[in-house]
1. Within segment 87-116, can you find the residues that are closer than 16 Å to Val62 by Cβ, open to solvent by 70 Å² or more (accessible area, probe 1.4 Å) and either in contact with a Cys (Cβ under 7 Å, 6 or more places away or on another chain) or of a type in the set (D, E, K, R) (or both)?
2. Just to confirm my filter: which helices (runs of 4 or more DSSP H) fall fully inside segment 23-110 and include at least 1 residues that are more than 27 Å from Leu185 (Cβ to Cβ)?
3. Count, please, the residues in segment 51-81 that happen to be over 15 Å from the mean Cα position of the chain (by Cα), within 20 Å of Asp93 (Cβ to Cβ) and either without any contact (Cβ under 8 Å) to a residue 40 or more places away in the chain or open to solvent by less than 20 Å² (accessible area, probe 1.4 Å) (or both).
4. Filter segment 30-50 down to the residues that are in contact with a Ser or Thr (Cβ under 9 Å, 6 or more places away or on another chain) and of a type in the set (Ser, Thr, Tyr), then identify the one that is least open to solvent (accessible area, probe 1.4 Å).
5. Condition first: over 17 Å from Gly99 (Cα atoms) and modelled with pLDDT of 85 or more. Now tell me which residues in segment 37-50 satisfy that.
6. Go through segment 176-215 and give me each residue that's in contact with a Leu (Cβ under 9 Å, 6 or more places away or on another chain) and not in a helix (DSSP H, G or I).
Amino acid sequence: MNTPLKSLLLATLTASLMSSVYAGNSGETLFKQKCLSCHTLSKPDDLSTLVAPPIQGVMRHVKMRYPSKDDAVAFIVDYALNPHISKALCNADKIKRFGLMPSQQGRVTPAQLHTIAEWMYDTAATQKQSEKQCHSKQKQGAKTSKAATGSQFLIASGMPHLTKLLMQQWENKTLALSPEQKKRLLVVRDNTMKEVKRITPRIKGLEKTIIRKTMAKESPKIIEPMVKKLAQLKAQATNVHVRCIYETLGILTQKQMAELSK
């Protein structure tokens, strides 16, 4: 075989091998090998099949807390290797349901985690975010009018869940939230969620008790104090919601509110 042909075949074989190695170590491939057994990419129709939070939801929380890609990647690598409740970004109800993520030491290398985390930051949240923004543009009016239908509030409509709407459009370039706005909005969200989560279990428990006693033909005189207590708890939750809206409106500009309401 002549030298030029040998060189061409060698170059082709080398390129093929390098391509195979790269593909085997790409972020998406590594994610499927190391993470997909527990974490789905998006929320499935049957939530009972979930054994861990979907990655797109996880990345939404990560990108809110760590907008910088370098910071987000560093957090993911550290958390996967050294998880602790103090570092967790998911809501408390998710941790209660799924438990704290076990350490991945010995299962995946820091270098592999870095590759996976970069892919997750660039890709995993993008598709879901686009879907949500499209859905939001089409049904924003319906969301706003029905935003406060949660049973923990006294007012059933007309008061939007601004923190939820903002989460869905956190990286919306047209909305253009500044780093300082994001920082302040996270404080409002954290304080609001903390208070609502403290009150909600008590509301749910009391509702179940009232329903059970009512259907068991308990005397209304016995149930009446429970109803009054339920109303007090819902009033507390509603006041938290009112304060959340007030503080959020104080952070956003009129132009941003107009964009959020589209």
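The values are calculated or read from the model by the stated rules, or taken from the named source; none is laboratory data. Bear in mind that the values here come from a model prediction, so they are computed numbers and not experimental data. For neighbour counting, all protein chains shown are included, and Cβ atoms are generated from backbone atoms with ideal geometry for every residue, glycine included. Only protein heavy atoms, including side chains, enter the accessible area calculation; ligands, DNA and RNA are left aside. Shrake-Rupley method; radii C 1.70, N 1.55, O 1.52, S 1.80 Å.
1. Lys94 - this is the single residue of segment 87-116 that is closer than 16 Å to Val62 by Cβ, open to solvent by 70 Å² or more (accessible area, probe 1.4 Å) and either in contact with a Cys (Cβ under 7 Å, 6 or more places away or on another chain) or of a type in the set (D, E, K, R) (or both).
2. In segment 23-110, 27-34, 69-81 are the helices (runs of 4 or more DSSP H) which contain 1 or more residues that are more than 27 Å from Leu185 (Cβ to Cβ).
3. Residues in segment 51-81 being over 15 Å from the mean Cα position of the chain (by Cα), within 20 Å of Asp93 (Cβ to Cβ) and either without any contact (Cβ under 8 Å) to a residue 40 or more places away in the chain or open to solvent by less than 20 Å² (accessible area, probe 1.4 Å) (or both): 1 in total.
4. Top of the filtered list is Thr40.
5. Scanning segment 37-50 gives no hits.
6. Leu177
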